[in-house]
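The values are calculated or read from the model by the stated rules, or taken from the named source; none is laboratory data. On a predicted model such as this, the values are computed, not experimentally measured, just so you know. Cβ atoms come from the backbone with ideal geometry, glycine included; neighbour counts cover every protein chain shown.
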Amino acid sequence: MAEQLLLDHRVTEVLATSTGGVGTHVRSVVPSLVAAGARVQVCGPRATDELFGFSVRGADFTAVEISAGLAPAADARAVTALRAALAGTDVVHAHGLRAGLVAAAGRRLAGSPARLVLTLHNALPEGGGLRRRVLEQAERATVRAADVVLAASSDLADNARRLGARDVRLAPVSAPPLPPAGRSRTEVREELGLVDDRALVVAVGRLHPQKGYDVLLDAVARWSADLRVRPAPLVVVAGDGPLHDELAARIRDELLPVTLLGRRDDVADLLGAADLCVLPSRWEARSLTAQEALRTGLPLVATAVGGLPELLGDAAELVPVGDARALAEAVVRVLCDSAHAADLTERGLRRAAEWPDEAATAAHLVHLYRELLDAPPRSGS
């Protein structure tokens, strides 16, 4: 039986709209918090519970519609809803800046003594102007309001310290194990229309500007014209999002060998059938896709940005962000050099074995919550 360090304490996990990593992370830690004796509540948009099933994992779910972007009227309603939901909460843990902003305001308005933990999973989006200045002010206020800031990568931690956060720590964010593949490599490749030994390149992630799929398409155009790779690899992208129509039009107009698969629940099958995984993101912290690829034994080409270099080390081909030429050259190098691909696979498996697993990630949170509960309240909390 798990040590019940949180017996009878109320823990509230808060997240904004999520279809990927943040929701997956929260879902993965709920059972361990319950096993530690906590009464767990998850607060977030109703669609997140429908997608991730927090309530079937032992948590109470309260709908609080926190959007992914700034929306003052909606934010005010979310703060009001969360204020009521925080009654009796001992620890509130917000995942992401948007959730943190609402959680800090809700705690303050409720006069709640709950300790506030904020996990930063992402950097602010690129850009300038008024929106950027508002986001920067919100980020500063939110990290200063938190009792502890957990950062998924060192660059996020450094930024939180610059903004005046009181206690900043690196957070283990482990990708939960993928379910076993349900189909063989041959079956998946046949479904995708692959014949003979044509290479399959897989990308997994939301169709969003952060993921750099425009650069990936630039790279595909380059390596499709490279005589060293014949026939040209098929690239499949598992994910949905706001850029679907734009990317689909470009793929059609340029006759690129790319298939947008939409959101998939068979990522393990796709990775098992692939020759290479590519992650062209403009920014990542502890990418779940990168972790899944290396654990699968799949060579990875990724951008050297955010937390990826510290996560991956020399276990992946790392290229400059936004550099389609470098991305294409790295993909061709892996696909054309079987010894190099095998070396990356071996390094990746060794690197993955060093990462904390799902249980260690959850145990870290249990002990952090216990530490906060045992500590006297901070002045100004």
**Report entry** Candidate set: region 330-378, residues that are hydroxyl-bearing (S, T, Y) and assigned by TED's automatic domain parsing to the domain that holds R228; chosen: the one farthest from R228 (Cα to Cα)
**Finding:** T345
Requested in this report: Taking the options A47, A16, name whichever one is more than 18 Å from A152 (Cβ to Cβ) and of a type outside the set (S, T, Y).
Outcome: A47
Query raised in the report: Can you pull out the residues in region 171-202 that are closer than 23 Å to D357 by Cα and either of a type in the set (V, I, T) or at pLDDT 95 or above (or both)?
Result: V173
Report summary line: Listed by first then second residue, the pairs whose first member lies in region 310-326 and is in the same structural domain as Q210 (by TED's automatic domain parsing), whose partner is surrounded by 15 or more Cβ atoms within 10 Å (Cβ to Cβ) and assigned to a loop (DSSP other than H, G, I, E, B), with beta carbons under 6 Å and at least 6 positions apart or on separate chains, are L311/R286; L318/A304; V321/R282; V321/V305
Query - Boolean, A81 is assigned by TED's automatic domain parsing to the domain that holds L368, under 22 Å from L368 (Cα atoms) and part of a helix (DSSP H, G or I) - result: no
**Report entry** Cβ pairs under 6 Å, 6+ apart, first in region 342-358 and within 18 Å of A274 (Cβ to Cβ) and at pLDDT 95 or above, second surrounded by fewer than 18 Cβ atoms within 10 Å (Cβ to Cβ) and not charged (D, E, K, R)
**Finding:** T345/G297; L349/G297
Query raised in the report: Is there a residue being buried (at least 18 other Cβ atoms within 10 Å of the Cβ), of a type in the set (K, R) and touching a Lys or Arg at 6+ places or on another chain (Cβ under 9 Å) anywhere in region 104-112?
Result: yes
Report task. Identify, by number, the condition in (1) touching a Phe, Trp or Tyr at 6+ places or on another chain (Cβ under 7 Å); (2) assigned to a loop (DSSP other than H, G, I, E, B); (3) among the aliphatic types (A, V, I, L, M) that A68 doesn't meet. Result -> (1)
Report summary line: Being at pLDDT 95 or above, farther than 22 Å from V204 by Cβ, surrounded by fewer than 22 Cβ atoms within 10 Å (Cβ to Cβ) and hydroxyl-bearing (S, T, Y) narrows T12, T62 down to just T62
